[in-house]
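Participant: Take this structure, written in structure tokens, and hold onto it; I'll ask about it next.
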Amino acid sequence: MKLASLKHGRDGRLVVVSRDLASCADASAIAPTLQHALDAWDRCEGPLRELAASLEAGKATTTPFDASACASPLPRAYQWADGSAYVNHVALVRKARGAEMPESFWTDPLMYQGGSDGFLGPGDPIPLADEAWGCDMEGEVAVVTDDVPQGATREQALAAVRLVMLVNDVSLRALIPGELAKGFGFFQSKPASAFSPVAVTPDELGDAWKDGKLHRALLVSLNGAPLGKADAGVDMTFDFGTLVAHAAKTRTLCAGTIVGSGTVSNRGADGGPGKPIADGGVGYSCLAEVRTVETIVGGAAKTPFLRRGDRVRIEMLDDTSRSIFGAIDQVVAAP
């Protein structure tokens, strides 16, 4: 089942979307918003699935699905916690600045709590007030949970995953060092993120959803040129069950909690830094990693961070080259 929120008020209007993303059916009679559906998932899931089946059978009243009319599936959420499951990415970034990586990073996930009171729509501009802030995209996968009890096991946490979606976790790289130096973590350096037009139930992903990981290539492009095609199921040190359980160690998670994977990153075939697509590698899901590899290989970063007018696209395709979640397609612009 595929769900989306058309722009309407603060929390959108819930629709069920066809598998080919060509049409949608109004679901507001079942649940006016996605958050409403998640709050009452036991009651709403069945009718939503029935509507999805009617949509696929051509029996539902439909309208063409327009991703540009979408807000993020949850236009705002009670909680957005972003992990760093691809430790290869962390290791590379720290290596570039000459910092040792604690051994615990391989066994205890990194996670920060981001702002969730308002997300960008998948086609909304990325507002950038100052290009000197070092604006970067980060292509990620995220899950949306049902209620998760404090102290949940990995298996309990994974069973609570209701939806999967893609993320552009916008980062302002030049502001990060100063914030981390204060010892309180990210705030100004992590502005609003954007999520894919469509959120998908795990069963819809078939064999691609396995062991708490999404085994598909995450396609990231910049100004129409391929930047990355890293497999989200490869080199993921911490699966989503582990990440959600980590978030729930000392607190309960309410329905509608979003947990992100962190930047999708694959090692090179030789176990070292990955290579650009042009050099036979799978490329990168963010510019910081591009610049890191440039620094490691050549001694200095050459690729600039995002500037106004740059266009970022993040998408994932199925075996028939059909978009699964729709595309995050954003242009950097002045606020």
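The values are calculated or read from the model by the stated rules, or taken from the named source; none is laboratory data. Nothing here was measured: the structure is a model prediction, and the numbers come from that model. A quick note on method: Cβ atoms are made from the backbone with ideal geometry, for glycine too, and the neighbour counts reach across all protein chains shown. Heads up: the accessible areas ignore ligands, DNA and RNA and are worked out on the full protein's heavy atoms, side chains in. Shrake-Rupley method; radii C 1.70, N 1.55, O 1.52, S 1.80 Å.
Participant: Would you pick out the residues in region 108-165 that are among the hydrophobic types (A, V, I, L, M, F, W, C) and closer than 30 Å to R308 by Cβ?
Facilitator: The first filter runs over region 108-165 and keeps only residues among the hydrophobic types (A, V, I, L, M, F, W, C), leaving 110-111, 119-120, 126, 128-129, 132-133, 135, 137, 141-144, 148, 152, 157-161, 163-165.
Result: F119, L120, I126, L128, A129, A132, W133, C135, M137, V141, A142, M165.
Participant: Every residue in region 281-320 that is acidic (D, E) and touching a residue at least 40 places away in the same chain (Cβ under 8 Å), please. Explain how you work it out, then say what you get.
Facilitator: Looking only at region 281-320, we keep the residues that are acidic (D, E), and these are 289, 294, 310, 315, 318-319.
Passing the criteria: E289, D310, E315, D318.
Participant: Follow-up question, since we're still on this one. Which ones in region 2-20 are within 20 Å of P202 (Cα to Cα) and either open to solvent by 10 Å² or more (accessible area, probe 1.4 Å) or part of a strand (DSSP E or B) (or both)? So that I can check it myself, show each step before the final result.
Facilitator: Of the residues in region 2-20, the ones within 20 Å of P202 (Cα to Cα) are 2-5, 14-20.
Result: K2, L3, A4, S5, L14, V15, V16, V17, R19, D20.
Participant: Name every residue in region 50-87 that is aliphatic (A, V, I, L, M), assigned to a loop (DSSP other than H, G, I, E, B), over 21 Å from D11 (Cα atoms) and out of contact with any strand residue (DSSP E or B) (no Cβ under 6 Å at 6 or more places or on another chain), in order of residue number.
Facilitator: Looking only at region 50-87, we keep the residues that are aliphatic (A, V, I, L, M), and these are 51-53, 55, 57, 60, 67, 69, 71, 74, 77, 81, 85, 87.
Subset that is assigned to a loop (DSSP other than H, G, I, E, B): 57, 60, 74, 77, 85.
So of that shortlist, the ones also over 21 Å from D11 (Cα atoms) come out as 57, 60, 85.
Hits for region 50-87 are A57, A85.
Participant: Sticking with this structure for a sec: Going through region 311-335 one residue at a time, which ones are buried (at least 19 other Cβ atoms within 10 Å of the Cβ), touching a Pro at 6+ places or on another chain (Cβ under 9 Å) and in a loop (DSSP other than H, G, I, E, B)?
Facilitator: Answer for region 311-335, where residues must be buried (at least 19 other Cβ atoms within 10 Å of the Cβ), touching a Pro at 6+ places or on another chain (Cβ under 9 Å) and in a loop (DSSP other than H, G, I, E, B): F325, G326, A327.
Participant: Tell me, which residue of region 21-49 that is in a loop (DSSP other than H, G, I, E, B) and under 16 Å from T61 (Cα atoms) is most open to solvent (accessible area, probe 1.4 Å)?
Facilitator: The first filter runs over region 21-49 and keeps only residues in a loop (DSSP other than H, G, I, E, B), leaving 21-22, 27-33, 40.
Keeping just the survivors that are under 16 Å from T61 (Cα atoms) gives 21-22, 27-30.
On the way: L21: 27, A22: 55, A27: 2, S28: 45, A29: 104, I30: 51 Å².
Checked region 21-49; the qualifying residue most open to solvent (accessible area, probe 1.4 Å) is A29.
Participant: Quick one: would you say K275 is basic (K, R) and touching a strand residue (DSSP E or B) at 6+ places or on another chain (Cβ under 9 Å)? Explain how you work it out, then say what you get.
Facilitator: Values: basic (K, R): yes; touching a strand residue (DSSP E or B) at 6+ places or on another chain (Cβ under 9 Å): yes.
Taking the combined requirement at face value, the residue satisfies it.
Participant: Got at least one residue in region 112-121 being in contact with a Phe, Trp or Tyr (Cβ under 9 Å, 6 or more places away or on another chain) and either basic (K, R) or open to solvent by less than 10 Å² (accessible area, probe 1.4 Å) (or both)?
Facilitator: Initial filter on region 112-121 (in contact with a Phe, Trp or Tyr (Cβ under 9 Å, 6 or more places away or on another chain)): 112-116, 119-121.
Next, from what is left, pick out any that are either basic (K, R) or open to solvent by less than 10 Å² (accessible area, probe 1.4 Å) (or both): 121.
Within region 112-121, one or more residues are in contact with a Phe, Trp or Tyr (Cβ under 9 Å, 6 or more places away or on another chain) and either basic (K, R) or open to solvent by less than 10 Å² (accessible area, probe 1.4 Å) (or both).
Participant: Would you be able to tell me the number of residues in region 253-275 that are free of Cβ contacts under 8 Å to residues at least 40 places away in the same chain and open to solvent by 50 Å² or more (accessible area, probe 1.4 Å)?
Facilitator: Start the filter on region 253-275 by keeping residues that are free of Cβ contacts under 8 Å to residues at least 40 places away in the same chain, which leaves 268-272, 275.
Applying the additional criterion that residues be open to solvent by 50 Å² or more (accessible area, probe 1.4 Å) yields 269-270, 275.
Residues flagged as free of Cβ contacts under 8 Å to residues at least 40 places away in the same chain and open to solvent by 50 Å² or more (accessible area, probe 1.4 Å) within region 253-275 amount to 3.
Participant: Sticking with this one: Pull up region 110-134, narrow it to residues that are in contact with a helix residue (DSSP H, G or I) (Cβ under 8 Å, 6 or more places away or on another chain) and either aliphatic (A, V, I, L, M) or in a loop (DSSP other than H, G, I, E, B) (or both), then point me to the one that is farthest from D66 (Cα to Cα).
Facilitator: Taking region 110-134 and keeping what is in contact with a helix residue (DSSP H, G or I) (Cβ under 8 Å, 6 or more places away or on another chain), we get 110-111, 122-123, 132-134.
Now narrow it down to the ones that are either aliphatic (A, V, I, L, M) or in a loop (DSSP other than H, G, I, E, B) (or both): 110-111, 122-123, 132, 134.
Numbers: L110: 36, M111: 33, P122: 11, G123: 11, A132: 34, G134: 31 Å.
Going through the qualifying residues, I end up with L110.
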